[in-house]
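Single-structure report; data block below.
Coordinate-derived values only; no laboratory data. Everything numeric here is computed off the predicted structure, so don't read it as measured data. When we count neighbours, we look across all protein chains shown, and the Cβ atoms used for this are built from the backbone with ideal geometry, even at glycine.
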Amino acid sequence: MKEASPAKAYTLHLGVIVLLFTLSFVLPEYHHGLLARIMVLAVFAMGYNLLFGYVGLLSLGHAMFFSAGLYGAGLAVIHLGWSVPAAFAAGLACGALLALVIGLLALRTSGVAFMIVTMMFAQVFYLIILYFAAWTGGDQGLVVPQSARVLVLGDTSLGLTDPTVRYMSALVLFSIVLLAALGIVRSRYGRVLVAIRENEERTKMLGYDIFSNKLVAVVVSGTICAASGAAYALLFGYVGSTFASVQYSILPLLWVLLGGAATTLGPLIGTLFMYYVVDITSGYTSAYLLIVGIALILLVLFFPRGILGTIRQRWLGWLP
Amino acid sequence: MMPLLTTKGLSRNFGGLRAVDGVDFALMPGEIRAVIGPNGAGKTTFVSLISGRIQPSSGMIVFDGADITNLPAYARVRLGIAYTFQITSVFANLTAYDNVALPVQRTLTDGRSKGAVHVGVLAALERTGLADRAHMPAGQLSYGHQRLLEVAMGLALKPRLLILDEPTQGLADSEIDNFIGLVREIAKTATVLLIEHNMPVVMQLADRITVFNAGKILAEGTPEQVRANSEVQDAYLGTTP
């Protein structure tokens, strides 16, 4: 959005990607696996942030886009025997199509009604998954067989179960989405999205079609979340209905709020923070949710705009 | 010459109230038209109907020979009808630059103008004297500057018809003089429809004046004719003792 210092912003983002790449070689095995998972889920958070942070649309149903990717990719492998790239594409297509349909219906509402409508659709999606248990595995979920999780590139075949391949695949997806998000928010389209968030009526009177701009944002957001879900199925090999439950609609909201809504790196920081707070505290006590809750309250008190949002507000105004 | 804008039997009801009641109106290209009338006469509702912010209950609106009665507001803006808000309505958290960039990139996307966003933004800010404040958040500008920014945004839309709803409200006298100059400048390339309560401004600027009362056009004519009209004096200007 800012005209100043585009070079600084790109350097920072490339720096984060290089740092994550380097970490792959130094992290102990446990944290290596955890970080791969966090990167995939940060993609989910980035997709959510595009709609929530930039357009100001609070959806409580993004679990359905994540699980559309998850099941789209997972079921294509399990039932149809598709290859990894084809299954990933199937996951993306499912997410994009679902987002288009949901967007057309839900964008007729706004505010609280939008939250409720998206949440209802997500519940319908969740119940459909349970209903068709014969194909989806119901509440047990399905395991994507190891033998199918092989990425064939020319003569080499890479097993996605291998920790390094898995980490690097997650990093590639994360990097693409991060740079795409940075590109979007700095573009003319990104400026229009922020304008819609700030003052919808005024934006309309500048000649912008609010509905179609929002619809594009829902589809892009849904597709990014589906990419995260598809990658999750293929990299971690589990497709389960928990991921379609309301909990997974709330989590990306929490990650984005923690990291900083409408910041490009906030979703990663929020996801990372949340995962590690849970990870560390659950090592000490079974009442770890209590400590997580206290940590969240402290954050809201001292970082009301999320970690990066507050840093941007107080010290680094150029952060995208 | 064909009028740029005409309305035929334009009406809008709010419940039992006929805020705008069967208005036939014509606006010639290039003129500065002032709309005056007492509070509640239906002026703002009338221009809101033209800009498409609200839908008419009946009647039709023709812009440049085309029926635009059923067009949504954003499509009318693309045809060249720009509306500046009565209550200052800039994007407070965005910089002045971004505020103007939004309408500039709009006209670029439409193909109604050419060049880069940056050039267009600077031109609009120069014209309104805000260039040195380009990177200030709009919400931190003084009230007078926010009004100017509002006009800069309207200008950047490259309007053929610019609707100004009480533009001098809340401005200091010195700012009003600048403003009159700016509107004259704008009128060289666009038709201006102006709602205004400040009578000296109206008398200085308007080619013609339309007087609204109770949702209807009470009188219309040059400033001299309107000033001399006894009905207008009764309804609006006050009777001489």
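Annotations for the structure displayed:
- Rounded if a/c under 1.5, otherwise prolate or oblate - the range A:30-80, Cα gyration tensor axes: oblate
- Crossing angle, helix B:96-110 versus chain B [Cα axis fit, 0-90 degrees, rounded to tens]: 80 degrees
- For B:Asn213, residues with placed amide H under 5 Å, excluding near neighbours: B:Leu218
- Cα-based shape type of the range A:6-245, given that a ≥ b ≥ c are square roots of the gyration tensor eigenvalues and the cut on a/c is 1.5: oblate
- Length gained when the stretch A:Leu14-A:Val216 is fully extended (0.36 nm per residue, less Cα-Cα span): 70.0 nm
- Pairwise FRET efficiency - B:Ala228 versus B:Met1, Cβ, R0 = 22 Å, nearest 0.05: 0.25
- Violating pairs (Cα-Cα greater than 19 angstrom) within the set A:Lys204/B:Lys8; B:Lys8/B:Lys216; B:Lys158/B:Lys188; A:Lys204/B:Lys158; B:Lys43/B:Lys216: A:Lys204/B:Lys8
- The convex hull defined by the C-alpha atoms of the range B:5-237 has an orientation-averaged projected area of 12.4 nm².
- For the pair B:Lys216 and A:His31, label points projected 7 Å from Cα toward Cβ lie 8.2 nm apart.
- Note on A:Ile116 and A:Leu254: their simple-model spin labels are 2.5 nm apart, each label 7 Å out from Cα toward Cβ.
- Principal semi-axes of the equivalent ellipsoid, √(5λ) from the alpha carbon gyration tensor of the range A:13-117, are 29, 21, 11 Å from largest down.
- Remark: the range A:177-186, residue by residue, has Karplus-estimated 3J(HN,Hα) of 5, 4, 5, 5, 4, 4, x, 5, 6, 8 Hz, where x stands for each Gly or Pro and the curve is 6.51 cos²θ - 1.76 cosθ + 1.60 at θ = phi - 60°.
- Estimated translational D of the range B:128-230 in µm²/s (Stokes, Kirkwood radius over Cα pairs; 37 °C; 0.692 mPa s): 219 µm²/s
- Cα-based shape type of the range A:187-231, given that a ≥ b ≥ c are square roots of the gyration tensor eigenvalues and the cut on a/c is 1.5: prolate
- Chain A: most fluctuating residue of A:Ala230, A:Ala217, A:Ala89 per GNM, C-alpha cutoff 10 Å: A:Ala89
- Rg then Dmax, both in Å and based on the Cα atoms of the protein assembly as shown: 28.7, 101.
- Candidates B:Ile68, B:Ile32, B:Ile87, ranked by Gaussian network fluctuation over chain B, Cα under 10 Å, top entry: B:Ile87
- When each of A:Glu29, B:Glu150, B:Glu185, B:Glu175 is scored by the number of other beta-carbon atoms lying within 10 Å, the sequence from fewest to most is A:Glu29, B:Glu185, B:Glu175, B:Glu150.
- Whole-Å distance, taken between Cα centres, linking the range B:161-223 and the range A:173-216: 35 Å
- Using a Gaussian network model of chain B in which every pair of alpha carbons under 10 angstrom is joined by a spring, one finds that among B:Thr84, B:Thr189, B:Thr107 the greatest mean-square fluctuation is at B:Thr189.
- Between the range A:9-40 and the range A:76-154, the Cα center-to-center distance that results, in Å: 27 Å
- A:Asp209-B:Gln204 FRET efficiency (beta carbon distance; Förster radius 35 Å; 0.05 resolution): 0.40
- Rounded to the nearest 20 debye, dipole of the protein assembly as shown from Cβ charges on Lys, Arg, Asp, Glu: 540 debye
- Estimated distance in nm for a label pair at A:Asp155 and A:Ile128, the labels positioned 7 Å out from Cα along Cα-to-Cβ: 4.5 nm
- Furthest towards positive pole of dipole, A:Val117, A:Tyr208, A:Val144, structure part chain A, Cβ charges: A:Tyr208
- With neighbours defined as other Cβ atoms within 10 Å of a residue's Cβ, the residues A:Cys94, A:Cys225 order from fewest to most as A:Cys94, A:Cys225.
- Relative exposure of A:Phe273, A:Phe66, judged by other C-beta atoms within 10 Å (fewest first): A:Phe273, A:Phe66
- Averaged over the residues of A:178-190, the number of partner chain Cβ atoms lying within 10 Å of the residue Cβ comes to 1.
- Sequence-distant residues sharing a close amide H with B:Ile163 (under 5 Å, placed H): B:Ala82, B:Tyr83, B:Thr84, B:Leu193
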